1. Say we look at region 22-66 and pick out the residues that are part of a helix (DSSP H, G or I) and of a type in the set (Gly, Ala, Ser); which of these is nearest to Val95 (Cα to Cα)?
2. Restricted to region 17-41, and to residues that are among the charged types (D, E, K, R) and at pLDDT 90 or above, which residue is surrounded by the most Cβ atoms within 10 Å (Cβ to Cβ)?
3. Somewhere in region 43-62, is a residue modelled with pLDDT under 90 and charged (D, E, K, R)?
4. If you take the residues in region 72-94 that are more than 12 Å from the chain's Cα centre (by Cα) and of a type in the set (A, V, I, L, M), which one is nearest to Pro27 (Cα to Cα)?
5. With the requirement that a residue be at pLDDT 60 or above and touching a helix residue (DSSP H, G or I) at 6+ places or on another chain (Cβ under 8 Å), what does region 85-121 give you?
6. How many residues does region 72-94 hold that are touching a residue at least 12 places away in the same chain (Cβ under 8 Å), part of a strand (DSSP E or B) and surrounded by 15 or more Cβ atoms within 10 Å (Cβ to Cβ)?
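The values are calculated or read from the model by the stated rules, or taken from the named source; none is laboratory data. What you are looking at is a predicted structure, and each value in this text was computed from that prediction instead of being measured. Note that each Cβ is placed from the backbone with ideal geometry, even for glycine, and that neighbours are counted across all protein chains shown.
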Amino acid sequence: MTSREEREQLNRLYEKVSGYFGLFSEPMRLRIMHCLCDGEKSVTDVVQAVEGTQTNVSRHLSLMHKQGVLARRKEGITVFYNIADENAVVLCRSVCTQLAARIDENRLAPKAVRTFMVQTS
């Protein structure tokens, strides 16, 4: 039996882990992660790549930065983002490829699964 203090520590850990997994519960954030696996990109480049709106993508980028998954830097008025937490890529790629393997092969091209969140630079 665990002590009350240990249970409280575990509960805090569960909250933190739940928040981390919740970060990837939004498809747009997965698209952003996939986009940034090719390397650092400006907000404009990310918006174009994920086919989102500036406002929506910026909101997701900001949240992912606050959670430590993405890093950002500013050059003049342009903001650039890149992946700061490689473990997040490994986790997302693992889950996505496992789930994709369960999908009917005719619905998802094998190349898409193999290249999901693979850094090319």
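1. Filtering region 22-66 down to residues part of a helix (DSSP H, G or I) leaves 22-23, 27-36, 43-50, 54-66.
Then keep just the ones that are of a type in the set (Gly, Ala, Ser); that gives 22, 49, 58, 62.
Details: Gly22: 14, Ala49: 22, Ser58: 25, Ser62: 23 Å.
Here the residue is Gly22.
2. So in region 17-41, the residues among the charged types (D, E, K, R) come out as 26, 29, 31, 38, 40-41.
Applying the additional criterion that residues be at pLDDT 90 or above yields 26, 29, 31, 40-41.
On the way: Glu26: 13, Arg29: 23, Arg31: 17, Glu40: 15, Lys41: 17.
Top of the filtered list is Arg29.
3. no
4. Of everything passing the filter in region 72-94, Val79 is nearest to Pro27 (Cα to Cα).
5. Ala88, Val89, Cys92, Cys96, Thr97, Ala100, Ala101, Ala112, Phe116, Met117, Val118, listed by residue number.
6. 4
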